[in-house]
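S.K.: Here it is, the structure in full.
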Amino acid sequence: MLKRNLGSDGPEISALGVGGMSFSDFYGPVTEDQSHAILDAAVDAGVTHVDTSNIYGMGRSEQAIGTWLAKRGGPSPFLIATKAGITTDATGQRCFDNSPEHLESELDASLSRLGVDRVDLFYVHRRDQRIPIEEVVESLVALQQKGKIAAFGFSEISPASLRRAARVAPVAAVQSEYSLQTRLPELGLIQTCEALGTTLVAFSSVGRGLLTDRPPQPGKFDDNPFMSSNPRFAPGNLERNLQASAGFRDLAAEVGVPAAALAIAWVLGQSRSIVTIPGTRSCAHFAELVQGAESLMDPELILEIERRLPVGWCHGDRYSVAQSNGPEGYC
């Protein structure tokens, strides 16, 4: 398993972690036993970090990790990361709250569900534009001083915001979608992370299943509110994307590795500042993801991958207009 550091002077972690969104029903029904089986497989594979959030299943993901830790006993084998900052207003509409009071109260609830006194990494899940990011960093430093978090980061922020935050205190990690089909971080975020010693934690690195040997087929997500409204999986676009990515799956077969492993290896090969946190409900699929983090890819293979999936190949925006509320744009 490849190893990377979390931040410039943080602990060494596996280059592949466990994404906890799949421990809720976000992509389909999942049981706690299935989630525990993934965590067992992760330990066996040498994976050393798990990433979750207070809103994944409205605490369900954190609770699954907490019950697994309690059942296992002893110190956690994982560096644990969670997030807060997404909430709802009085009318039930999605909004963002980065106030010190909200972040700490949500963190306290997360600690209770996880059954731990401190998390190793705490993210602001989405920027609250009403509050300068410098003030948010000061709130996060206060949580460090209280011993509730070891390090902090932000999710889906721009390079400019990262630079502003880092002037106040070191930012250990920034989480952003990054894959062969979502390459926006190449336009400034990767470079800024490298310059500041911040780890880029890439999510959805197998393209929400599109960059696997068993990509989603038309109709699969009819009952999933997020996926059914995502432009890349909309009727017409999904069929085009399946056709456009077929050569990538053919290449994986030629090389003799799962397509998911090839997608993970490509992401990790783009910078030593990158780690990735794919999620899955399947131990067999998890083994494919692990295979992609076992060694660096041959440069010639990277070139062939990018020949078959050139920048801009994917049809449709990564988010709908509604889903784009929150992530900071920068290009």
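The values are calculated or read from the model by the stated rules, or taken from the named source; none is laboratory data. Here the structure is a predicted model, which is why all the values come from computation and not from measurement. Note that we place each Cβ from the backbone using ideal geometry, even for glycine, and neighbour counts take in every protein chain shown.
S.K.: Quick check on this structure: which one of R130, R126 is closer than 18 Å to I86 by Cα, modelled with pLDDT of 95 or more and surrounded by 23 or more Cβ atoms within 10 Å (Cβ to Cβ)? It would help to see each step written out before you state the result.
M.R.: Values: R130 fails: surrounded by 23 or more Cβ atoms within 10 Å (Cβ to Cβ).
That would be R126, the only listed residue that is closer than 18 Å to I86 by Cα, modelled with pLDDT of 95 or more and surrounded by 23 or more Cβ atoms within 10 Å (Cβ to Cβ).
S.K.: Only residues that are of a type in the set (K, R) and buried (at least 17 other Cβ atoms within 10 Å of the Cβ): list them for region 235-266, please. It would help to see each step written out before you state the result.
M.R.: First, pick out the residues of region 235-266 that are of a type in the set (K, R): 240, 249.
Scanning region 235-266 gives a single hit, R249.
S.K.: Further question: Could you check region 37-54 and list, in sequence order, the residues that are part of a helix (DSSP H, G or I) and surrounded by fewer than 18 Cβ atoms within 10 Å (Cβ to Cβ)?
M.R.: Applying the first criterion (part of a helix (DSSP H, G or I)) to region 37-54 yields 37-45.
Answer for region 37-54, where residues must be part of a helix (DSSP H, G or I) and surrounded by fewer than 18 Cβ atoms within 10 Å (Cβ to Cβ): A37, D40, V43, D44.
S.K.: Return the only residue of R318, R281, R232 being surrounded by 17 or more Cβ atoms within 10 Å (Cβ to Cβ), of a type in the set (K, R) and touching a Cys at 6+ places or on another chain (Cβ under 7 Å).
M.R.: On the way: R318 fails: touching a Cys at 6+ places or on another chain (Cβ under 7 Å); R281 fails: touching a Cys at 6+ places or on another chain (Cβ under 7 Å).
Exactly one of R318, R281, R232 is surrounded by 17 or more Cβ atoms within 10 Å (Cβ to Cβ), of a type in the set (K, R) and touching a Cys at 6+ places or on another chain (Cβ under 7 Å), namely R232.
S.K.: Next question, about the same structure. Inside region 1-10, can you point out the residues that are more than 17 Å from V43 (Cα to Cα) and assigned to a loop (DSSP other than H, G, I, E, B)?
M.R.: Residues satisfying the conditions are L6, G7, S8, D9, G10.
S.K.: Further question: Within region 43-56, track down each residue that is out of contact with any Phe, Trp or Tyr (no Cβ under 7 Å at 6 or more places or on another chain) and not polar (S, T, N, Q).
M.R.: Scanning region 43-56 gives V43, D44, A45, G46, V47, D51, I55.
S.K.: I've got another one for you. State the number of residues belonging to region 210-253 that are farther than 16 Å from C314 by Cβ and in contact with a Pro (Cβ under 7 Å, 6 or more places away or on another chain). Give the derivation first.
M.R.: Here is the first cut: in region 210-253, the residues farther than 16 Å from C314 by Cβ are 213-214, 217-226, 228-229, 250-253.
Within this subset, residues satisfying the condition of being in contact with a Pro (Cβ under 7 Å, 6 or more places away or on another chain) are 213, 218, 252.
Total satisfying the criteria: 3.
S.K.: Take the residues in region 175-195 that are out of contact with any strand residue (DSSP E or B) (no Cβ under 7 Å at 6 or more places or on another chain) and without any contact (Cβ under 8 Å) to a residue 40 or more places away in the chain, then tell me which one is surrounded by the most Cβ atoms within 10 Å (Cβ to Cβ).
M.R.: It comes out as T192.
S.K.: Please find, within region 165-174, the residue that is nearest to the chain's Cα centre (by Cα) out of those that are buried (at least 21 other Cβ atoms within 10 Å of the Cβ) and in a loop (DSSP other than H, G, I, E, B). If you could, list the steps in order and put the result at the bottom.
M.R.: Step one: filter region 165-174 for residues buried (at least 21 other Cβ atoms within 10 Å of the Cβ), giving 165, 171-174.
If we keep only those that are in a loop (DSSP other than H, G, I, E, B) as well, we get 171-172.
Working: V171: 16, A172: 15 Å.
This residue is A172.
S.K.: Could I ask something else about it? Return the only residue of R214, R232, R208 being basic (K, R) and more than 20 Å from the chain's Cα centre (by Cα).
M.R.: Values: R232 fails: more than 20 Å from the chain's Cα centre (by Cα); R208 fails: more than 20 Å from the chain's Cα centre (by Cα).
Result: R214 is the single residue among R214, R232, R208 that is basic (K, R) and more than 20 Å from the chain's Cα centre (by Cα).
S.K.: Within region 305-331, work out how many residues are free of Cβ contacts under 8 Å to residues at least 60 places away in the same chain and touching an Asp or Glu at 6+ places or on another chain (Cβ under 9 Å).
M.R.: Summing the residues that are free of Cβ contacts under 8 Å to residues at least 60 places away in the same chain and touching an Asp or Glu at 6+ places or on another chain (Cβ under 9 Å) in region 305-331 gives 1.
S.K.: In region 77-107, how many residues are over 22 Å from Q145 (Cβ atoms), of a type outside the set (D, E, K, R), out of contact with any Cys (no Cβ under 7 Å at 6 or more places or on another chain) and surrounded by 13 or more Cβ atoms within 10 Å (Cβ to Cβ)?
M.R.: Residues in region 77-107 being over 22 Å from Q145 (Cβ atoms), of a type outside the set (D, E, K, R), out of contact with any Cys (no Cβ under 7 Å at 6 or more places or on another chain) and surrounded by 13 or more Cβ atoms within 10 Å (Cβ to Cβ): 5 in total.
S.K.: Further, regarding this structure: Somewhere in region 210-222, is a residue surrounded by fewer than 19 Cβ atoms within 10 Å (Cβ to Cβ) and assigned to a helix (DSSP H, G or I)?
M.R.: If we filter region 210-222 for residues that are surrounded by fewer than 19 Cβ atoms within 10 Å (Cβ to Cβ), which is where we start, we get 213-214, 217-220, 222.
Now restrict to residues that are assigned to a helix (DSSP H, G or I): none.
Within region 210-222, none of the residues are surrounded by fewer than 19 Cβ atoms within 10 Å (Cβ to Cβ) and assigned to a helix (DSSP H, G or I).
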